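A short reminder: the numbers here are calculations on the coordinates, not readings from a lab. Keep in mind the model is a prediction, meaning the values are calculated, not measured. Because the Cβ atoms are built from the backbone with ideal geometry, glycine has one as well, and the counts that use them run over all protein chains shown.
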Amino acid sequence: MKPSDAQFRYGFRPVTRADLPLLGRWLAEPHVAQWWDDPAEGLKSIEGHIDSISVEPFIVELNGKPIGYIQSYDPHLEDGHPYQDQRTGTLGIDQFIGPPELIGKGHGPRLIEAFVELLFDEGAIRVIIDPDPANAAAIRAYEKAGFERFDTRHSEYGPALMLARNADGDFA
């Protein structure tokens, strides 16, 4: 099913401080903690993004119910960001699904597709994502959402397989 199908209506609302306890629980889930910062550090980082100009944090909702977290960021608005080699108009994203019972159900590719389409509608020309190369499930989800591999890097965040999707549909 596609994100527009009535069964799967994904929404994205800005994170508020009231969301922090839920995000803290999700960050402590083993399937999230394996790939994200220490839960306390991750929560502190998300809280810091609430009023950020470079990172926009969102709660992902499925049919009005919170199921995950997604953020977009502009690498050109962060001093020394390792992805400033990307064209202006490129945004990066990071995400996770919180409840473990929703993993492996196809929500990842669908919610990513819906979010990326919103970013393109708002003017982004390219969206990048940088999973750990060992995170095979995430990489499959990103490729199902139309992302293509273009590089492998190592930065302060650790190893990264770089994937991108361009608004014009071309990959170059």
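Brief remarks on what is shown
- Using equal-weight Cα scatterers in the Debye expression, the normalised intensity of region 10-166 in log10 at q = 0.11, 0.16, 0.20 Å⁻¹ is -0.39, -0.90, -1.55.
- For a label point 7 Å along the Cα-to-beta-carbon line of residue 150, residues of region 78-115 with backbone N under 14 Å: 83-93
- Cα centroid separation - region 88-129 against region 1-61, whole Å: 12 Å
- With a Förster radius of 25 Å applied to the C-beta separation of residue 85 and residue 170, the computed FRET efficiency comes to 0.85.
- Reciprocal mean inverse distance between Cα atoms of region 5-58 - Kirkwood radius, Å: 12.2 Å
- Taking the three principal axes of the alpha carbon atoms in region 33-90, the coordinate ranges are 36, 27, 23 Å, sorted in descending order.
- Cβ-Cβ FRET estimate between residue 28 and residue 157, R0 fixed at 22 Å, reported to 0.05: 0.65
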